[in-house]
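Remarks on the structure that follows.
The values are calculated or read from the model by the stated rules, or taken from the named source; none is laboratory data. Quick caveat, the model's predicted, so the values are computed rather than measured. Reconstructed Cβ throughout: ideal geometry from the backbone, glycine too, with neighbour counts over all protein chains shown. For the accessible areas, the whole protein counts, side chains as well, though only heavy atoms, and no ligand, DNA or RNA atoms are used. Shrake-Rupley method; radii C 1.70, N 1.55, O 1.52, S 1.80 Å.
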Amino acid sequence: MFSPVLFRFSKPNYCLIFLFFLSSFHHLPCALSQGEGGLCDTLFQCGNITAGFPFWGEARPEPCGHPSLGLRCHPSLKSTYLIISGLMYRVLQVNSTASTLKLVRQDFLGEFCNSTFSGETLTPELFELLPDYKSLFVNYLCNPAFHNPTNFTCPKTGVAFVRENDDYRKNCVSSFNITVPASYALEEKALSIAHLGSVLKEGFDVKLKIDERLCQECKSSGRKCGYKAATPVCCNTTSTSEIKCTPMITSRSSGLSKKAKIGIGLACGFGFVGATLLVVGVFCFLNRRRKKQAAQYTSKGLSSTTTTPYSSKNTLSTTTISGSNHSLATSMSNLANGGDYCGVQVFSYEELE
């Protein structure tokens, strides 16, 4: 039979397990090795493009930058490329001070009709289109009977036209968006596809949403900037053992003073410690209560095997019933021999005969 006592001592100590689980998050291990930590000081260089954090590529290992910001270099052309949402862009300029990039779609560098008719989708977590640019919509595979001043024809896509909104899809099979300067105006009479192609080849500027000042603060303390998955981390590379990395403060707090940051850090630290102690206390209380209930259950089970209830009462009842039967038998014998019962004369069998 399964014993509650054995069960009680075979259960693991939940408090110790929980404390061990919390201690494992004291440091966030980084994918940087000791050698890669030194290589993060190396900048990406290709042609006239030089880039550091949060980019990676070529001589800079992947853990040195954001996973989606890997740069590629074409050695013979000395051109830098970046893939965003499955589309290849050529990087025309990197401004580390302003955290901006000038990009142009690689397929737009040729003839527009030979480009990939698919929309531009910038990762919203990483890029923000500057207000100097706007989006237009190219509708293609359209009904030839539908007349529009911006109509043009490509050999592979048939009739197409460009509009500032996407309200004409009912007349076309599909559409996609392109990015042009805000000053670009659609011709009212006819669209010059050559002019549109030249505008697209100039590219557009985007704002990088990763604040490079966080990395500068990390470097000022003698540490290295890197990434763990999509989280920016600041890594200590002075130790000979495995590099220890901690998440950087988000850019929302970059405008706060140093004292405010220290106050926020202390408040968060005390809050975390208090929450940890509360959770550990609840776990310990529940564990102690479970053990106490198991002990009570065991003591009740043992005491029930040493007692025999109702034994004295059963003896008493048997004695009483036996006495009653004996008295009744004596009375019946007297009645058979005649006599007086309750003042009434009773005749025997002989006298009645």
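These residues, Cys73, Cys225, go from largest to smallest accessible area, 1.4 Å probe, as Cys73, Cys225.
Ranked by solvent-accessible area (1.4 Å probe, protein heavy atoms only, all chains present), the residues Lys219, Lys78 order from largest to smallest as Lys78, Lys219.
In the context of the full protein assembly, Glu62 retains an accessible surface of approximately 100 Å², using a probe radius of 1.4 Å and ignoring ligands and nucleic acids. Cross-link check: pairs Lys78/Lys207; Lys102/Lys207; Lys78/Lys134; Lys102/Lys228; Lys134/Lys170; Lys78/Lys224 evaluated at a Cα-Cα cut-off of 20 Å; pairs beyond the cut-off: Lys78/Lys207; Lys78/Lys134; Lys102/Lys228; Lys134/Lys170; Lys78/Lys224. Note on the stretch 77-152: the C-alpha convex hull projects to 7.1 nm² when averaged across all orientations. Between the amide H of Gln93 and those of Lys102, distances stay under 5 Å, these residues lying 5 or more places away or on another chain, with hydrogens modeled in the peptide plane. Amide H contacts for Ser79 (H built 1.01 Å from N in the peptide plane; partners 5 or more residues away or on another chain; cut-off under 5 Å): His74.
Summarising the amide proton neighbourhood of Phe127: residues at separation of 5 or more, or on other chains, whose placed amide H is nearer than 5 Å comprise Lys209. For Thr42 and Glu128, a Förster radius of 30 Å and the Cβ-Cβ distance give a FRET efficiency of 0.60, rounded to the nearest 0.05. Label-to-label distance for His147 and Ser174 is 2.9 nm, based on points extended 7 Å past Cα in the beta-carbon direction.
Annotation note: GluC sites (Glu not before Pro) in the stretch 188-227 located in DSSP loop regions with a Cβ neighbour count of at most 11 within 10 Å are Glu188.
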